[in-house]
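Quick notes on the structure that follows.
The values are calculated or read from the model by the stated rules, or taken from the named source; none is laboratory data. None of these values were measured; they are calculated from a predicted model. All Cβ positions, glycine included, derive from the backbone under ideal geometry; neighbour counts span all protein chains shown. Side chains included, ligands, DNA and RNA excluded: accessible areas come from the protein's heavy atoms. Shrake-Rupley method; radii C 1.70, N 1.55, O 1.52, S 1.80 Å.
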Amino acid sequence: MVKIGIIGGSGLDDPDIINNRKELHITTPFGNPSDVLIEGKIKDVDCVLLARHARNHSIMPSNINYRANIWALKEVNCTHILATSACGSLREEIHPGDLVFPDQFIDRTTKRASTFYDGSPSSPLGVCHIPMHMPFCSDTRKILIETAKEMDIPHHIEGTILTIEGPRFSTRAESNMFRSWNADLINMTTVPEVVLAREIGIPYALIAMATDYDCWYSRSEAVSVEKVLSVLQGNVHKTTKLILNVIPKINKEDWSEILEKLKNEASSAVMVPKK
């Protein structure tokens, strides 16, 4: 049975996409998730929506309880995670309003708990060295790409997303440095979200919406909250429609082999201390 967890980023967490919804108040060994989980159906497929920053956008990126969020989705038996995120573009060809389906990330965060296996009393036993050569689920990305093409949505089939700590935006020097690293997008939330999903064996794919050109592009105004929200409000319907069309396609696939592979990979990555 497929059950899809949807992590909604800024402006992309509308509960109205869920039918027959009910609120689930979940507590995890790592604390409470960002908000209640909203469970219901999208096109007759079981889904759970979680607002990453809380529904009133009160949690800044560094303070999101990423471990509780991912653990809570696992607790309610989600088999997949579709995440959305507003991002800055580091490439002229990735225009504001375009969607990107990243296949790689660069981690520039510094303050976040990035593993469930941290040795605390609530932690699972051991140390997890999870492989991260292909962090995003290629099979889910393939469905996203095919559907975006069918819907004639401007999109990019791959890209490297760089996650900064935030909440401030980059300096121009930083923005140009990230471009020299071959990063294509910049945001504040993908890491450690994607890492934790991998540790717990859930396929994770990201729908990234470019909202601005960060601050490297001299022919465009530097990024601002006002500019980000303006592009989001004008284009959020594209992401919503994409999700509504992708979910039934995910449900039609046989995921048993992929889920078993991720489960085994996560299990074999844990080094348990000898007694």
*Just wondering, is there one or more residues in the range 114-132 that are open to solvent by 70 Å² or more (accessible area, probe 1.4 Å), of a type outside the set (S, T, N, Q) and closer than 20 Å to residue 259 by Cα?*
yes
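Does residue 106 count as surrounded by fewer than 21 Cβ atoms within 10 Å (Cβ to Cβ), of a type in the set (A, V, I, L, M) and either in contact with a Pro (Cβ under 7 Å, 6 or more places away or on another chain) or over 30 Å from residue 256 (Cβ atoms) (or both)? Don't jump to the end; show me each part of the working.
On the way: surrounded by fewer than 21 Cβ atoms within 10 Å (Cβ to Cβ): yes; of a type in the set (A, V, I, L, M): yes; either in contact with a Pro (Cβ under 7 Å, 6 or more places away or on another chain) or over 30 Å from residue 256 (Cβ atoms) (or both): yes.
It is true that residue 106 is surrounded by fewer than 21 Cβ atoms within 10 Å (Cβ to Cβ), of a type in the set (A, V, I, L, M) and either in contact with a Pro (Cβ under 7 Å, 6 or more places away or on another chain) or over 30 Å from residue 256 (Cβ atoms) (or both).
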*residue 175 vs. criteria more than 20 Å from the chain's Cα centre (by Cα) and of a type outside the set (Asp, Glu)*: yes
*asked:* Condition first: modelled with pLDDT of 80 or more, closer than 12 Å to residue 210 by Cβ and open to solvent by 40 Å² or more (accessible area, probe 1.4 Å). Now tell me which residues in the range 223-245 satisfy that.
replied: none
_The conditions are (1) free of Cβ contacts under 8 Å to residues at least 24 places away in the same chain; (2) in a loop (DSSP other than H, G, I, E, B); (3) surrounded by fewer than 19 Cβ atoms within 10 Å (Cβ to Cβ), and residue 35 fails exactly one of them. Which is it?_
(3)
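Please determine, by comparing only the residues of the range 133-158 that are open to solvent by less than 20 Å² (accessible area, probe 1.4 Å), in contact with a strand residue (DSSP E or B) (Cβ under 8 Å, 6 or more places away or on another chain) and part of a helix (DSSP H, G or I), which one is farthest from residue 225 (Cα to Cα).
Applying the first criterion (open to solvent by less than 20 Å² (accessible area, probe 1.4 Å)) to the range 133-158 yields 135-137, 140, 143-144, 147-148, 153.
This time we only want the ones that are in contact with a strand residue (DSSP E or B) (Cβ under 8 Å, 6 or more places away or on another chain), so: 135-137, 140, 144, 148, 153.
Still in the running and part of a helix (DSSP H, G or I): 140, 144, 148.
Working: 140: 30, 144: 28, 148: 27 Å.
Within the range 133-158, the match that is farthest from residue 225 (Cα to Cα) is 140.
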*Hits in the range 41-53 (condition: open to solvent by less than 10 Å² (accessible area, probe 1.4 Å) and either over 12 Å from residue 84 (Cα atoms) or among the aliphatic types (A, V, I, L, M) (or both))*: 42, 45, 47, 48, 49, 50, 51
_Subset of the range 189-202 (residues that are of a type outside the set (Lys, Arg) and either surrounded by 24 or more Cβ atoms within 10 Å (Cβ to Cβ) or under 20 Å from residue 34 (Cα atoms) (or both))_ = 189, 190, 191, 192, 193, 194, 195, 196, 197, 199, 200, 202
*Kindly list the number of the only condition in (1) part of a loop (DSSP other than H, G, I, E, B); (2) surrounded by fewer than 21 Cβ atoms within 10 Å (Cβ to Cβ); (3) not aromatic (Phe, Trp, Tyr) that fails for residue 74.*
(1)
*What is the one condition in (1) open to solvent by 50 Å² or more (accessible area, probe 1.4 Å); (2) in a loop (DSSP other than H, G, I, E, B) that residue 97 does not satisfy?*
(1)
*Being within 26 Å of residue 88 (Cβ to Cβ) and in a strand (DSSP E or B) is the filter; apply it to the range 4-32 and report the residue that is modelled with the lowest pLDDT.*
8
